[in-house]
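What follows draws every value from the coordinates through simple rules; no lab data is involved. Given the structure is predicted, the values throughout are model-derived calculations rather than measurements. Glycine also receives a Cβ, built like all others from the backbone with ideal geometry; neighbour counts cover every protein chain displayed.
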């Protein structure tokens, strides 16, 4: 996706060979027009696949997910990272290790909003080691739902997440595939 | 806003006289079409006020904020509730006490994305005791920016937040004003 690659080149900051900071338009400040274009592109790629629901993870996945849901005409659920007093019922939970934050946390979805009739599209801002994606897949399986595929805004293709999802047979559509962050530069796969 | 009131009546769950659970369309599962209508209504109410940026708080404020930003054509910033390794620079911070979660937490915005030239619209999902709103106002003041007003999806008018903001002279536009949750029923102010 050209507009996204251009935005990454112009406003992304390479913090290390592992970390790309995109808080100017995705992770802290959000560019709503770009998110809408991203939603349109995910909707185009997954058109006709029978998606009934989009699942993402708070907080940075919400903006691209809700734009995709708007265009596809389906509800969005964001998995919560910690229980709150208004979300204390029986939950579908999975553990996720964050390499960025270096700790384990739980993510949860209420089974009232996800069931065996659902065909789910996962949307997330980043795919790196794939821990968040695998946790969401586990929750979708616990719900008895099926997976249409994963739509990723930025994939760090040099980390293990994409290869693992490919090996598991899941369809992954990444709008920007970063092959390297070496020498302070962003290199794309295509 | 009639469509929002109807959705609250149909899908909102009154957990106590203080707590309204709207995780079917706002706080966990999100209705993107309703969020777009909410964004259009905020854009209409704040049209011509010179808003340059929208500020919200992760996670539930993001969906209505990004739809408002899409329609108004301005960027959105979501304040983060905890620092991450990719957001460690100098930050504008404020403390917020959550009555729902019963603890203090810090919220933060990077000064790289908010400055003295900005005229800010705060968007949030709930206004109850106003702790989150006051924290965001503090951060906006620290940045030297000015406040156009606050757009609230659901206001619990029987709690202290609205009256305090009115007394401070801020413009508050709430799309659903709940006057009571007594007897397990949602009663609206208008």
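Our summary gives the stretch A:1-80 a relative contact order of 25 percent, counting only alpha carbon pairs under 8 angstrom and 6 or more residues apart. Calculated translational diffusion coefficient of the protein assembly as shown (10 °C, 1.306 mPa s; Stokes-Einstein with Kirkwood radius over alpha-carbon pairs) equals 76 µm²/s. Look at the alpha carbon pairs under 8 Å that are at least 6 residues apart: their mean separation over the length of chain B gives a relative contact order of 20 percent. Compute the whole-percent fraction of alpha carbon pairs in the stretch B:132-190 spaced more than 19 Å apart. Result for the distance tail: 34 percent.
For the stretch B:1-136, taking Cα atoms only, Rg and Dmax work out to 15.5, 45 Å respectively. Sorted from closest to farthest, the other copies place their residue B:169 label points 6.7 nm away, with each point set 7 Å from Cα along Cα→Cβ.
Rounded to the nearest 0.05, the FRET efficiency derived from the C-beta distance between residue A:187 and residue B:187 at R0 = 56 Å is 0.45. Spatial offset of the stretch A:104-124 relative to the stretch A:1-77 amounts to 18 Å, using the alpha carbon center of each. Peptide A:72-80 has a mean of 4 when you count, residue by residue, the C-beta atoms of other protein chains within 10 Å of its C-beta. Averaged over the residues of A:19-26, the number of partner chain Cβ atoms lying within 10 Å of the residue Cβ comes to 3.
For chain B, with a Gaussian network of springs between Cα atoms less than 10 Å apart, report the residue from B:134, B:33, B:142 with the top mean-square fluctuation. Taking springs between Cα atoms under 10 Å, the residue moving most is B:33. For a Förster distance of 25 Å, can you work out the FRET efficiency between the beta-carbons of residue A:47 and residue A:112, rounded to the nearest 0.05? Efficiency, from the Cβ-Cβ distance: 0.35. Estimated from helical segments only, the mean residue ellipticity of chain B at 222 nm is -8500 deg cm²/dmol, where each DSSP H run of four or more residues counts as -39500 (n - 2.57).
Take residue A:17, move 7 Å from Cα toward the beta carbon, and the resulting point lies 6.3 nm from the same point in each other copy, nearest first. Inter-copy label distances at residue B:1, shortest first and taken from points set 7 Å along Cα to Cβ: 2.5 nm. Once the Cα-Cα distance is subtracted from the 0.36 nm per residue extended length, the residue A:40 to residue A:171 segment shows a gain of 45.4 nm. Based on the Cβ-Cβ distance of residue B:9 and residue A:104, what FRET efficiency does E = 1/(1 + (r/R0)^6) give at R0 = 41 Å, to the nearest 0.05? For R0 = 41 Å, the calculated efficiency reads 0.55.
Its residue count N fixes a reference of 2.2 N^0.38 Å for the stretch B:61-190, and the Cα radius of gyration divided by that reference is 1.09. Label-to-label distance, residue B:179 versus residue A:16, with points set 7 angstrom from Cα along the beta-carbon direction: 5.7 nm.
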